[in-house]
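Structure record follows, encoded as structure tokens.
The values are calculated or read from the model by the stated rules, or taken from the named source; none is laboratory data. Being a predicted model, the structure only gives us computed values, none of them experimental. Heads up, the Cβs are rebuilt from the backbone with ideal geometry, glycines too, and the neighbour counts pull from every protein chain shown. Heavy atoms of the whole protein, side chains included, go into the accessibility calculation; ligands, DNA and RNA do not. Shrake-Rupley method; radii C 1.70, N 1.55, O 1.52, S 1.80 Å.
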Amino acid sequence: MTRIRIKWPRGALMATLDDTATARALIAALPAGSRASTWGEEVYFSLPVSTKKEPDARDVVPPGTVCFWVEGSALALPYGPTPVSQGDECRLVTAVNVLGKLDGDPRALAGIRDGDQVEVSIV
């Protein structure tokens with residue numbers, strides 16, 4: 001397991017990554033940063049990682065799951081409902097690779113605004 005820090009202008013969270021092919025590809029690309037986008041209660045941002053969907057990819061995850069959106073080459077961090085959610089679920093636009101989980105309250109991600117610079121590094 002590897003820990004990463006996700007930092008933005010008004011906050012930061014740590015996350016613990018599982019040992020998956022996509023997590024290893026992400027770790028190899030760090031440190032990296034990008035401008036954030038938001039979609040409902042999800043933050044996502046492009047990173048220089050290229051990978052394929054893993055067999056256990058899924059589109060509904062618990063809040064605070066660290067995901068990789070293969071089609072967008074982006075880290076996706078859902079913390080609540082998105083425009084395609086049914087009820088309070090965290091539903092992403094497509095199935096994503098699950099990399100791990102945020103440490104701490106995922107609602108802190110609500111402080112990220114479209115266009116904020118987000119930096120990801122290994123702890």
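From the list Asp88, Asp114, Asp105, exactly one residue is touching a Ser or Thr at 6+ places or on another chain (Cβ under 6 Å) and over 23 Å from Ala21 (Cα atoms). Which is it? First the steps, then the outcome.
Numbers: Asp88 fails: touching a Ser or Thr at 6+ places or on another chain (Cβ under 6 Å); Asp105 fails: touching a Ser or Thr at 6+ places or on another chain (Cβ under 6 Å).
So the residue among Asp88, Asp114, Asp105 that is touching a Ser or Thr at 6+ places or on another chain (Cβ under 6 Å) and over 23 Å from Ala21 (Cα atoms) is Asp114.
For region 1-49, the set of residues classified as modelled with pLDDT under 95 and out of contact with any Ser or Thr (no Cβ under 6 Å at 6 or more places or on another chain) is empty.
Only one residue in Val96, Val61 is under 15 Å from Ala25 (Cα atoms), touching a Cys at 6+ places or on another chain (Cβ under 9 Å) and buried (at least 17 other Cβ atoms within 10 Å of the Cβ). Which one? Let's see the steps before the verdict.
Values: Val61 fails: under 15 Å from Ala25 (Cα atoms).
Answer to the selection: Val96.
Among the strands (runs of 3 or more DSSP E) confined to region 1-93, the ones with at least 2 residues that are touching a strand residue (DSSP E or B) at 6+ places or on another chain (Cβ under 6 Å) and hydrophobic (A, V, I, L, M, F, W, C) are located at 2-8, 11-17, 42-46, 58-61, 65-69, 74-78.
Residues checked against (1) free of Cβ contacts under 8 Å to residues at least 40 places away in the same chain; (2) within 11 Å of the chain's Cα centre (by Cα); (3) open to solvent by 10 Å² or more (accessible area, probe 1.4 Å); (4) closer than 24 Å to Met1 by Cα:
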position	(1), (2), (3), (4)
Met14	no, no, yes, yes
Ile27	no, no, yes, yes
Tyr44	yes, yes, yes, yes
Lys53	no, no, yes, yes
Asp56	no, no, yes, yes
Asp88	yes, no, yes, no
